[in-house]
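Mind looking over this structure? Questions follow.
The values are calculated or read from the model by the stated rules, or taken from the named source; none is laboratory data. None of these values were measured; they are calculated from a predicted model. Neighbour counts are summed over all protein chains in view; Cβ atoms, including those assigned to glycine, are modelled from backbone coordinates with ideal geometry.
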Amino acid sequence: MKTIKSLLLLLAAQILVSAQEAPPKPTTSRCHGCVRRVAKRVPSVAPAPASSASADFFVGEARVDVTKDETVVRLAMAQHGSVLIELPANDGPRYIIPGDPEMATVDQKALERNKRAIVVRPGTQFVPPLRNLKARTPSATVTAQMRSGLVVTFLFYPVEDLAQNVHRCVLNYNRDEVVARRRAAGLPVNLDSTGERGEMTTQSVAPISISVEDTKEEENRTSAETPIASSAPGPNPNLRVPSPATTRLSSIDKTVDTKDTASYASSAQTALQEAMKQPKRFKNWTKPTHGLALSILRPSVNGERFNVVLVAVKNKTSDSVKLTPDIPDLSIEMLDDRGKPLNIESIKKLHTEASDTSGLIPKGGIVYYAVAYTSPVLGAHQQVRVSVGQTSAADEPASIVLVRSEK
């Protein structure tokens with residue numbers, strides 16, 4: 001009997017322990033050499049549009065609002081593409097300075113047909129960089145100065161995809177605003193006028209600069225420069241003056257009396273002769289601007305209708321310098337209370353004499369000019385400035401103040 005009770009107690013205890021234990025986990029076979037990979041969800045990234053291939057330059061099509069005089073426009077160009085640069089209807093290129101012709105060329109025939117657009121084509125060496133290079137740098141440059149005086153530099157970046165090529169670039173600006181800003185800064189404006197012309201410089205391999213002119217305009221300029229025999233008294237025989245074929249004289253009003261014309265020429269010739277005999281009289285020189293330094297003298301003139309100014313131009317560079325035509329330039333500047341120019345007006349030159357009319361100054365050389373000009377009436381905030389430029393920096397001439405108003 002005791003044995004039966006003992007067995008029942010053991011059976012009850014075993015049942016109680018089994019009820020408290022957790023159900024066993026099903027056994028699964030696992031390969032110790034295998035690792036289960038869980039795929040993570042990665043947000044999809046939309047492909048970048050073609051126009052954002054680089055934030056450094058335009059691709060596809062470009063429209064540039066020009067708000068300052070020194071503007072740099074960066075454009076993409078493919079090996080087998082071309083770029084058409086359109087300009088405002090009232091302005092156009094006066095000078096175009098291409099870079100390496102093996103990198104980029106300017107289509108001169110297209111420019112002859114449409115002088116309000118510039119067509120640039122890639123050269124044989126204009127190839128895109130290697131694909132593993134992330135940085136992009138320009139490979140070609142073309143600089144254009146418009147007839148208003150605005151200077152724009154175009155940098156061309158090589159790209160592989162022809163769809164990224166800038167087929168059309170539109171420059172948007174107001175010519176009157178450009179002229180006003182350049183006048184205020186003392187820079188030459190309206191380069192299409194006769195008095196502001198420059199010269200074209202070329203070399204045997206490729207043009208350094210391209211001068212853009214109308215054929216009729218060129219013919220008129222050639223006929224205007226043809227010397228005409230005059231009955232006016234000849235220059236002083238002691239003065240070294242070139243032949244009439246190469247002498248540069250400012251335009252003289254046809255309504256001016258012949259006696260007045262002779263008086264202007266005689267006064268300028270006499271003043272120039274005295275200046276060349278005493279070059280040490282030029283003492284106060286300006287700081288060089290692109291290698292040109294100026295000094296002026298004001299000789300006494302027996303007359304109230306005109307004055308004469310002597311201008312000495314020194315070349316302080318290590319090479320010869322080519323001056324722009326029809327210099328020196330005389331202008332009246334209207335100043336604000338801080339002395340900054342607000343408006344600039346040209347002064348009529350009656351007669352100009354030069355010690356050397358080639359326009360080329362050798363290293364360390366000096367050229368002297370005598371200019372007879374109409375005596376201006378100045379306001380309280382006006383002054384007269386004399387400017388001389390060179391062909392390689394026509395937009396930044398050397399200048400000196402001739403007359404200041406008495407405040």
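Confirm whether residue 22 is at pLDDT 90 or above, farther than 17 Å from residue 146 by Cβ and either of a type in the set (A, V, I, L, M) or not in a strand (DSSP E or B) (or both).
no
Please go through the stretch 147-189 and pick out each residue that is closer than 21 Å to residue 327 by Cβ, assigned to a strand (DSSP E or B) and in contact with a Pro (Cβ under 9 Å, 6 or more places away or on another chain).
Answer for the stretch 147-189, where residues must be closer than 21 Å to residue 327 by Cβ, assigned to a strand (DSSP E or B) and in contact with a Pro (Cβ under 9 Å, 6 or more places away or on another chain): there is none.
Are any of the residues in the stretch 386-398 part of a strand (DSSP E or B) and surrounded by fewer than 18 Cβ atoms within 10 Å (Cβ to Cβ)?
no
Looking at the stretch 170-184, which of its residues are surrounded by fewer than 20 Cβ atoms within 10 Å (Cβ to Cβ) and among the aromatic types (Phe, Trp, Tyr)?
Within the stretch 170-184, none qualify.
Any idea which of (1) surrounded by fewer than 18 Cβ atoms within 10 Å (Cβ to Cβ); (2) touching an Asp or Glu at 6+ places or on another chain (Cβ under 9 Å) is the one residue 367 doesn't satisfy?
(1)
Of the numbered conditions (1) crowded, with 18+ Cβ neighbours inside 10 Å; (2) more than 25 Å from residue 145 (Cβ to Cβ), residue 338 fails exactly one; give the number of that condition.
Just one mismatch for residue 338, condition (1).
Being in the same structural domain as residue 181 (by TED's automatic domain parsing) and outside any loop (DSSP other than H, G, I, E, B) is the requirement here; does residue 105 meet it?
Spelling it out, residue 105 is indeed in the same structural domain as residue 181 (by TED's automatic domain parsing) and outside any loop (DSSP other than H, G, I, E, B).
Let me ask something else. Here are the criteria: (1) without any contact (Cβ under 8 Å) to a residue 40 or more places away in the chain; (2) within 18 Å of residue 75 (Cβ to Cβ); (3) not basic (Lys, Arg). Tell me which single one residue 176 does not satisfy.
(2) is the only condition that residue 176 fails.
Could you check the stretch 341-364 and list, in sequence order, the residues that are among the basic types (Lys, Arg) and surrounded by fewer than 18 Cβ atoms within 10 Å (Cβ to Cβ)?
348, 363
Still on this structure, please answer the following. Can you tell me which residues in the stretch 331-353 are in contact with a strand residue (DSSP E or B) (Cβ under 7 Å, 6 or more places away or on another chain) and either of a type in the set (D, E, K, R) or not in a strand (DSSP E or B) (or both)?
Answer for the stretch 331-353, where residues must be in contact with a strand residue (DSSP E or B) (Cβ under 7 Å, 6 or more places away or on another chain) and either of a type in the set (D, E, K, R) or not in a strand (DSSP E or B) (or both): 333, 336, 345, 347, 348, 349, 353.
Another question, if that's okay. Within the stretch 299-331, which residues are surrounded by fewer than 20 Cβ atoms within 10 Å (Cβ to Cβ) and either of a type in the set (A, V, I, L, M) or outside the structural domain of residue 382 (by TED's automatic domain parsing) (or both)?
301
If you check 403, 384, 388, 367, which single one turns out to be closer than 18 Å to residue 310 by Cα, of a type in the set (A, V, I, L, M) and free of Cβ contacts under 8 Å to residues at least 40 places away in the same chain?
None of the others qualify; the one that does is 403.
Moving to a separate point now. Residues 143, 137: which one is polar (S, T, N, Q) and surrounded by 14 or more Cβ atoms within 10 Å (Cβ to Cβ)?
143
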